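As structure tokens, the structure follows; a few thoughts come after it.
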Amino acid sequence: MKYLEALGIINKTEKSGFMVSFERVEGGFLVGDHFPDKHGGEELIQTEKEAWELARKFADKAKYKCINIYVIDSSFSPVPDYKIQKIVNR
């Protein structure tokens, strides 16, 4: 963790918004990933609805490459009822 990230946590300067979380195969293992890159300074998705729309489009293009696709909030927690809308993509 970088010093500025730690200061951000300490000062509770949390960005609000949503991200799309997924898993992909890397070296024979499943690796968790997400977009946009909050810690890289990218703007988060403004609404949960828009995040789910992007998740569906992403799932269509990444069929069998990326699995377990769902929406998370700015604190990296799954949104309520994510299990109902989660895209398995296998």
Expressed as a whole percent, how much of the Cα-Cα distance distribution for the chain exceeds 22 Å? 30
Which order do the peptides 79-90, 43-54 come out in when sorted by mean C-beta neighbours inside 10 angstrom, highest first? 43-54, 79-90
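Let me know the charge dipole size of the chain about its Cα centre in debye, to the nearest 20, where only the beta-carbon of Lys, Arg (+1) and Asp, Glu (-1) is charged.
The dipole of the chain has a size of about 320 debye.
Would you mind putting 34-42, 17-25, 2-10, 62-70 in packing order, based on average other-beta-carbon counts within 10 Å, highest first?
Working: 34-42: 13.0, 17-25: 19.0, 2-10: 10.0, 62-70: 15.4.
Per-residue Cβ counts within 10 Å, averaged per peptide and sorted highest first, yield 17-25, 62-70, 34-42, 2-10.
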Convert each backbone phi in the stretch 18-35 into a coupling constant with the Karplus relation 6.51 cos²θ - 1.76 cosθ + 1.60 (shift: θ = phi - 60°), then list the ³J(HN,Hα) values in order as whole Hz, x for Gly and Pro. 9, 9, 9, 9, 7, 10, 9, 7, 9, x, x, 10, 7, 10, x, 8, 7, 8
The simple spin-label model distance between residue 62 and residue 74, using points 7 Å out along Cα→Cβ, in nm, is 2.3
Using θ = phi - 60° and the Karplus relation 6.51 cos²θ - 1.76 cosθ + 1.60, list the HN-Hα couplings for the stretch 41-54 in order, rounded to whole Hz, with x at every Gly or Pro. x, 6, 5, 7, 6, 5, 10, 5, 4, 5, 5, 5, 4, 5
Calculate the FRET efficiency for residue 49 and residue 24 from the Cβ-Cβ distance with a Förster distance of 22 Å, rounded to the nearest 0.05. 0.35
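Computed from the coordinates by the stated procedures, all read-outs in this text should not be read as laboratory data. If you're wondering where the values come from, they're calculated on a predicted model, not measured in any experiment. Reconstructed Cβ throughout: ideal geometry from the backbone, glycine too, with neighbour counts over all protein chains shown.
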